[in-house]
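Below: one structure, written as structure tokens.
The values are calculated or read from the model by the stated rules, or taken from the named source; none is laboratory data. Here the structure is a predicted model, which is why all the values come from computation and not from measurement. Heads up, the Cβs are rebuilt from the backbone with ideal geometry, glycines too, and the neighbour counts pull from every protein chain shown. Protein only, heavy atoms only, side chains kept; ligands, DNA and RNA dropped before computing areas. Shrake-Rupley method; radii C 1.70, N 1.55, O 1.52, S 1.80 Å.
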Amino acid sequence: PEELIGKNWFLTCVPKDTAEMIYGLFKDMIAGRAKFMAFFEAEVLAANGDVHLISWRNSEQRDATGKVCGYICSGEDITERRQIEKEKLQLQEELRRVQKMEAVNRLTAGIAHDFNNMLASILGYADIALDAVSQRGDAELQRYLTEVVNESEKARDLIKQMQIFSRSNPNSLTALPPLPLVKETIKALQESSGNAIELSLSAEESIPDVEMALQQFHQLLLSAITGGGESITETQAKHISVNLTTTTLDRLLCSACNYKISGEFVEITVKDDGQGIAPETLNELFNPHPTTKYTALTRGLVTAQGILHNHHGHIAIESIPGYGTTVHLFMPIAERTALGEKAVNSQVAGISSNIMIVDDEASIAHLKGELLSFSGRA
């Protein structure tokens with residue numbers, strides 16, 4: 001307290017950015033030019049420079065003539081209480097956001113489910129019509145129906161993304177359609193990079209699903225293409241091409257674990273025309289204690305191989321300094337459980353028994369009946 005004796009309270013204990021304003025307000029109240037405030041909140045400085053929020057309660061002091069000559073002010077430090085209130089409000093806001101996302105997820109799942117049923121009927125009947133028209137040799141009508149099928153398949157891919165989004169846990173393993181997700185990522189990266197780098201995509205018409213967590217799949221793509229989500233221009237490339245295909249490997253050496261891998265995989269190849277990776281860096285890339293300095297691209301590749309190996313995948317890298325880098329990402333194919341396809345492709349010709357079809361959607365039930373009838377006539 002002795003450090004304060006003889007000093008101006010406002011110019012000593014009130015933060016500098018508000019001291020002059022509050023001091024002026026006090027003088028105006030003393031002079032009767034401003035309304036007396038019995039309660040207010042204001043900040044004060046502690047001896048160590050910390051700022052505390054004080055809740056003030058004030059009473060006027062008057063002289064014998066009734067003129068205001070001063071104030072008695074008592075304050076309570078409410079800094080901690082106000083911080084708790086702020087955190088409570090933040091938690092409530094976070095809870096509202098979570099509840100809103102859950103509602104959006106439920107709505108998205110419902111819309112996707114209903115639309116998927118409608119689209120299944122559209123695709124199914126279009127396929128039947130296309131087969132019938134192709135047998136009659138009507139080339140023009142066949143072309144029209146092919147367009148219907150192609151656009152419907154694009155819509156089906158979008159619905160799959162909606163269904164993936166609506167799942168409650170984005171980190172849970174699920175069967176993902178790689179093609180629409182790769183397209184989405186490349187489109188976003190192209191927009192973010194402007195014209196600095198040209199990105200291109202080529203892919204097979206039919207790519208099987210891969211089993212991976214959605215967020216991990218996005219991170220895998222970003223890591224392989226941009227170095228873990230850093231600026232895409234840091235690759236120092238002018239063109240990056242991405243190719244999506246299925247491939248069968250026969251004892252190919254994984255660049256990370258040196259394991260000879262065989263079998264069928266979904267392969268994403270990322271090729272750039274950047275500065276490339278020096279051989280000594282490439283040899284040290286997946287060393288637990290590397291002696292070389294990582295770049296954005298090499299850090300991304302280390303992240304990519306970690307994600308792949310966690311999902312039983314592998315990576316192969318080719319690079320020539322001055323000519324660019326080619327990265328091969330190999331992901332296991334998800335289990336195929338398309339029982340409906342097996343049923344449709346079964347030989348039903350010559351069977352005289354009745355087949356009961358049960359489905360909660362009448363259009364799907366009718367479609368399955370038409371498919372079985374059509375297969376029996378073929």
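Given a cut-off of 26 Å, name the pairs among K160/K238; K154/K187; K160/K187; K100/K160 whose C-alpha atoms lie farther apart than that in the structure shown.
Exceeds cut-off: K160/K238.
Which of the aspartates and glutamates could a cross-linker bridge to K35, judged by Cα under 12 Å and excluding same-chain residues fewer than eight apart?
Filter leaves E60.
Cα extents of the stretch 1-139 along the three principal axes, largest first, in whole Å?
113, 34, 25
If you count only protein heavy atoms with a 1.4 Å probe, what accessible area per residue comes out for the stretch 1-136, rounded to a whole Å²?
I get 73 Å² per residue for the stretch 1-136.
I need the per residue convex hull volume for the stretch 68-141, using only the alpha carbons, in cubic angstrom as a whole number.
170 Å³
Can you list the residues, at least 5 places off or on another chain, whose amide H is less than 5 Å from the amide H of Y71, using H built in the peptide plane?
Here Q61 satisfy the definition.
Using the Karplus equation 6.51 cos²θ - 1.76 cosθ + 1.60 (θ = phi - 60°), what ³J(HN,Hα) coupling, rounded to whole Hz, does each residue of the stretch 22-27 give in order, writing x for Gly and Pro?
Coupling constants for the stretch 22-27: 5, 4, x, 5, 4, 5 Hz.
Please give the charge dipole size of the stretch 1-149, origin at the Cα centre, charges +1 on K and R Cβ atoms and -1 on D and E Cβ atoms. Round to the nearest 20 debye.
My answer is approximately 680 debye.
What are the aspartates and glutamates whose alpha-carbon lies under 16 Å from the alpha-carbon of K88, with same-chain residues fewer than 8 places away excluded?
E80
Along the charge dipole of the stretch 15-173, Cβ charges K/R +1 and D/E -1, which of G110, F26, N48 sits furthest on the positive end?
F26
Evaluate E = 1/(1 + (r/R0)^6) for I30 and R81, where r is the Cβ-Cβ distance and R0 equals 41 Å; express this FRET efficiency to the nearest 0.05.
0.85
Which far-off residues, 5 or more places away or on another chain, put their amide H under 5 Å from the one on A34, with H placed in the peptide plane?
Correct list: M29.
Toward the positive end of the charge dipole of the stretch 24-163, about the Cα centre and with charges on Cβ (Lys, Arg +1; Asp, Glu -1), which of A126, Y144, A38 goes farthest?
The one lying farthest along the dipole's positive direction is A38.
Pull up the cross-link candidates among the lysines for K7, meaning alpha carbon to alpha carbon under 21 Å and not fewer than 8 places away within one chain.
Excluding near neighbours in sequence, the set is K16, K27.
Suppose the chain between F115 and N310 were pulled fully straight at 0.36 nm per residue; how much longer would it get relative to their current alpha carbon spacing?
On the way: separation 195, 0.36 × 195 = 70.20 nm, distance 3.40 nm.
Separation in residues times 0.36 nm, less the Cα-Cα distance, equals 66.8 nm.
With θ taken as phi - 60° and the coefficients 6.51, -1.76 and 1.60, list the Karplus ³J(HN,Hα) couplings across the stretch 199-210 in order, rounded to whole Hz; mark glycine and proline as x.
Computed from phi, the couplings for the stretch 199-210 are 10, 9, 9, 10, 7, 5, 5, 10, 10, x, 6, 10 Hz.
L253's amide H: which non-local residues (gap 5+, or another chain) put their own amide H closer than 5 Å, with H modeled 1.01 Å from N in plane and none for Pro or chain starts?
I261
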